[in-house]
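Heads up: the structure comes next, in structure tokens.
The values are calculated or read from the model by the stated rules, or taken from the named source; none is laboratory data. What you are looking at is a predicted structure, and each value in this text was computed from that prediction instead of being measured. As a convention, Cβ positions derive from the backbone with ideal geometry for all residues, glycine included, and neighbour counts pool all protein chains shown.
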Amino acid sequence: MKLDILAFGAHPDDVELGCSGTIAKEVSLGKKVGIIDLTRGELGTRGSVPIRDKEAKNAAEVLGVSVRENLNMRDGFFVNDEQHQLEIIKRIRKYKPEIVLCNAIDDRHIDHGKGSKLVSDACFLSGLRKIETMFEGIEQECWRPKVVYHYIQWKNIEPDFVVDISNFIEKKTAAIMSYSSQFYSENTNEPITPIATKNFLESIHYRSQDLGRLVGVEYAEGFTVERYVAVNSLGDLK
Ligand SMILES: [Zn+2]
């Protein structure tokens, strides 16, 4: 299956927090979108692997993505080396996305910056034909996505561009709330973590609102780029 957009996250819920409004919008425009989580989030203070697996599946259904995979890398301890790059290269060559979305280049959780660089490096390497890969017994062709964009998650990173998600804020909220083990709820005895506060949930909503305000729409999500963004004409810019 060829995808238009492939979004990677170090942990299940990263993609939802960072760019699920954009994903819901692209799906509504007829784009084929997939999500790949690098780890199962097994070191997370709240919830458990089976619970998070189920939550990730529910969130994927809310967003209407075509595929969601988990690469079972080690939460907290995966590294950016040949073995891990090859695992990602195989998925890039399998799904042939034009656009790759991945974690923020720098963030509070060390896996986010690590995962960001790992995916970005793999996107480049995937385009080198002399790196040979096999997937499910089949030799793969090389493939390099046209662009890699980094979504914004915990830290307030200044975006290079924003996407209007005004009609998709409810879907984004619903996708995030699929992870009921991770986020704020009045009825739980789970320990409080930085992302399990009411303030955190409100900050996600407010950031979308604030980015929207700055470009004259209701809600927006921000991204950073690795190279200049090109448009065909000035009229394409809003
Ligand atoms: Zn994370």
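Of note:
- Criterion (buried (at least 17 other Cβ atoms within 10 Å of the Cβ), in contact with a Lys or Arg (Cβ under 7 Å, 6 or more places away or on another chain) and either under 19 Å from GLU16 (Cβ atoms) or modelled with pLDDT of 90 or more (or both)) met by exactly one of PHE168, PHE183: PHE168
- Residue match in the stretch 94-103 (condition: away from the ligand (no atom under 16 Å from the Cβ), within 21 Å of TRP154 (Cα to Cα) and not small (Gly, Ala, Ser)): yes
- Pairs meeting the criteria (first residue in the stretch 93-111 and closer than 15 Å to ASP160 by Cβ and part of a strand (DSSP E or B), second residue hydrophobic (A, V, I, L, M, F, W, C) and within 14 Å of the ligand (Cβ to nearest atom), beta carbons under 8 Å, at least 6 apart or on different chains) are LEU101/ALA7; LEU101/PHE8; LEU101/VAL15; LEU101/CYS19; CYS102/ALA7; CYS102/PHE8; CYS102/VAL119.
- Candidates ASP37, ASP81, ASP14: the one that is of a type in the set (Asp, Glu), closer than 30 Å to ALA220 by Cβ and out of contact with any Lys or Arg (no Cβ under 9 Å at 6 or more places or on another chain) is ASP14.
- Residue among ILE36, ILE89 that alone is of a type outside the set (Phe, Trp, Tyr) and either part of a helix (DSSP H, G or I) or touching a Gly at 6+ places or on another chain (Cβ under 7 Å) (or both): ILE89
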